[in-house]
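Participant: Okay, handing you the structure first.
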Amino acid sequence: MPQQANPRGTFLKIADAVKRRIEEAPQMTELPSLAEVMRDHKISRGVALRAFAVLRQEGVAEPAPGGRWRVVRADARADRRPLDQRIADIITAEGIEVGEAFPSASALADRFGVSRPTVTKALEKLEAAGVLAGGGQGRVRTVRAVPTREGRS
């Protein structure tokens, strides 16, 4: 007797299982990795990716550049601006003056919960925009100009 197709797709069942895990663990901030989901549910990468897409569509999770997917909680408001804008805000928020040292890529990676290469790309954008100077391997970045609020929101 041939097997009948399940009316509820496997990827939807996986998405539901991950949502239950999120609800049961209020301290959970990241989704399990794709590899963990594939292993735990004995599914292919494609099925896991479709499950994560459902979670994104439903507003339960979002991809984090350079890291795992983040859990989106209704009561927590996340800053979704590009990383270079959030990093530039440090200058005004902490009152860093032109010519002063700027935090290292490692410190910024820890602060924003992303990888160092992701931070480095954002810092390169700020250098190209003339906001930061220097940088690179072993050199301290300094503030070249205080960013203006124009063009950013």
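The values are calculated or read from the model by the stated rules, or taken from the named source; none is laboratory data. As the structure is a prediction and not an experimental result, all values here were calculated from the model. Note: ideal-geometry Cβ built from the backbone for every residue, glycine included; neighbour counts use all protein chains shown. Note: accessible area is taken over every heavy atom of the protein model, side chains too, but ligands, DNA and RNA are not part of it. Shrake-Rupley method; radii C 1.70, N 1.55, O 1.52, S 1.80 Å.
Participant: How would Arg144, Arg73 line up by accessible area, probe 1.4 Å, largest first? Write out the running numbers ahead of the final one.
Facilitator: Working: Arg144 135, Arg73 60 Å².
Solvent-accessible surface, decreasing: Arg144, Arg73.
Participant: Give me the distance between the Cα centres of segment 7-56 and segment 128-145, rounded to whole Å.
Facilitator: What the calculation gives is 41 Å, centre to centre.
Participant: What figure in square angstrom, to the nearest 10, would you give for the accessible area of Thr148 with a 1.4 Å probe?
Facilitator: Looks like 90 Å² after rounding.
Participant: Express in nm, to one decimal, how much length is gained between Ser33 and Leu49 on full extension, taking 0.36 nm for each residue of separation and deducting their alpha carbon distance.
Facilitator: Taking Ser33 through Leu49 to full extension adds about 4.7 nm, to one decimal.
Participant: Using a 1.4 Å probe on the protein chains only, how many percent of the accessible area of the chain belongs to carbon and sulfur?
Facilitator: In the chain, the share of accessible area belonging to carbon and sulfur is 50 percent.
Participant: For Lys13, which lysines qualify as cross-link partners when the Cα separation must be under 29 Å and same-chain residues fewer than eight apart are set aside?
Facilitator: Within the straight-line limit of under 29 Å, Lys13 reaches these lysines: Lys42.
Participant: Rounded if a/c is under 1.5, else prolate if a/b beats b/c, else oblate: with a ≥ b ≥ c from the C-alpha gyration tensor eigenvalues square-rooted, which is the chain?
Facilitator: Prolate, because a/c is 1.5 or more and a/b exceeds b/c.
Participant: With a probe of 1.4 Å, find how much accessible area the chain has per residue, and write the answer as a whole number in Å².
Facilitator: Value returned for the chain: 65 Å² of accessible area per residue.
Participant: For the pair Lys121 and Arg70, how long in nm is the line joining their label points, each one 7 Å along Cα→Cβ?
Facilitator: About 1.6 nm separates the two model spin labels.
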